[in-house]
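The values are calculated or read from the model by the stated rules, or taken from the named source; none is laboratory data. Keep in mind that this is a model prediction, so the values were computed, not measured. In this analysis, Cβ positions are derived from the backbone assuming ideal geometry, glycine residues included, and neighbour counts consider all displayed protein chains. Accessible surface is based on the protein model in full, side chains and every heavy atom, while ligands, DNA and RNA are left aside. Shrake-Rupley method; radii C 1.70, N 1.55, O 1.52, S 1.80 Å.
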Amino acid sequence: MTVAIIPVPGVPMVRPGDDLAAQLGDAIEAARVGVKPHDVIVVCQKVVSKAEGAVVDLKDVEPSAFAKQLAARSTMEKDARAYEVVLQETSRIVRMDRGHVIVETRHGWVCANAGVDESNGLGPGVLTLLPRDADASAEGLRSRLAERFGVELAVIVTDTFGRPWREGLVEVAIGCAGMDPLLDLRGRGDLHGKELHHTVVALADELAAAAGLVMEKDSGVALAIVRGVRYAPGTEGAAARLARKPEFDLFR
């Protein structure tokens, strides 16, 4: 199996209210890379959030006493108002230390700063939040792009997460449509015929990380096509299925 990762430049600077599906489709057509059946369209979270208006201007934020305490303890000179935005997007604080905040978002993701991003925003002091429902965002884009190009395809919305016990950041799937995000290999045999009992691959995360190779932060590339991957069609549960259930989380 050969897999191709195709960067698609030309997505404009997205603003709230923009028709993102049309902008992505226009960029794909302008790049002349085409869309083939079962391609996976990978889109960075930032443009999805901007188009949907998931942004906050710090001038409209009044920090709480707790946010001010976090800012005072921080070694990063972070604005107390930014901490307040993080707290508003948080359902559970997992760990805090010297201004670093790891939380569980209301979506169920465990990540730094609730996914609130201060880089590549709409302007100074404007923070970008995670999409309200990235699976629904992915499905909306999938439906529009499949109709435009006349093929069945999948869409993944990605964001950059750190990982416990490992240095460096990777792209992961926070929204998914048109494919099963998990590849269940249980019941299959290994090279020696031994039955696999626990191997479930996070396929959507693997595709997100692969696309991240051509979607660097300073490249302006917000869209990539991954071609040649075999996946099971479907949208049930989507990327939400990648969040480990509390009863199976040994570190909670």
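Taking only protein heavy atoms and a 1.4 Å probe, what accessible area per residue, in Å², does the stretch 1-132 have with all protein chains in place? Mind showing how you got there, number by number?
Values: 6610 Å² over 132 residues.
Normalised by residue count, the accessible surface of the stretch 1-132 is 50 Å².
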Label-point separation in nm, Arg106 to Arg241, each point 7 Å along Cα→Cβ: 2.6
What nm distance separates the two modelled labels at Met76 and Leu213, each placed 7 Å from Cα along Cα→Cβ? 2.9
Using a basic spin-label model with each label point 7 Å from the Cα along Cα→Cβ, how many nm lie between Asp57 and Arg252? 3.9
Distances longer than 33 Å among the Cα atoms of the chain: what percent of all pairs is that? 22
What lysines could a cross-link reach from Lys217, if we take a straight Cα to Cα line under 27 Å and drop same-chain neighbours fewer than 8 places away? Lys36, Lys46, Lys50, Lys59, Lys78
How much of the accessible area of the chain, probe 1.4 Å, is carbon plus sulfur, in whole percent? 52
